[in-house]
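The values are calculated or read from the model by the stated rules, or taken from the named source; none is laboratory data. Small disclaimer: the values here were computed from a predicted structure and weren't measured. Methodologically, a virtual Cβ is constructed for each residue, glycine included, from the backbone with ideal geometry; neighbour enumeration extends over all protein chains shown. Please note that ligands, DNA and RNA were not included when accessible areas were found on the heavy atoms of the full protein model with its side chains. Shrake-Rupley method; radii C 1.70, N 1.55, O 1.52, S 1.80 Å.
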Amino acid sequence: MLEFLIYLLAFIIGSIIGLLYSYKQHGEPFIVKGLNVVMCVVSVIGWMLAVNCQFSQGLIAVGLLLAGFVIGERPGYGRIETLIGIIAAVIVYLIMHLI
């Protein structure tokens, strides 16, 4: 039960840090400028750790922190990056468990 609290706190802290970072980086209203490669890499790493690390609770918490960082950006930012991260994590999960 305690590990779920740690996961929840990691995700919430990541979301708050992502929101603060996003407001610092983007002062203008939502303007689509394409894919943010750095945030995409952070999202893929975060979702990979959150979904595919079965043995280390610490790595799952780090993954949720990174995933929350990208999800927690200002409204409109980070949605494509999050989707790419989730799709990549699900594909790796299916490959690992079906083969």
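Data table
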{"item": "Residue that is most open to solvent (accessible area, probe 1.4 Å), among those in region 22-42 that are closer than 15 Å to Gly76 by Cβ and assigned to a helix (DSSP H, G or I)", "result": "Tyr23"}
{"item": "Any hit, region 53-65, residues being of a type in the set (S, T, N, Q), free of Cβ contacts under 8 Å to residues at least 60 places away in the same chain, surrounded by 17 or more Cβ atoms within 10 Å (Cβ to Cβ) and touching a helix residue (DSSP H, G or I) at 6+ places or on another chain (Cβ under 7 Å)", "result": "no"}
{"item": "Filtered residue count, region 66-99, keeping only those that are open to solvent by 40 Å² or more (accessible area, probe 1.4 Å), assigned to a helix (DSSP H, G or I) and over 23 Å from Ile16 (Cα atoms)", "result": "10"}
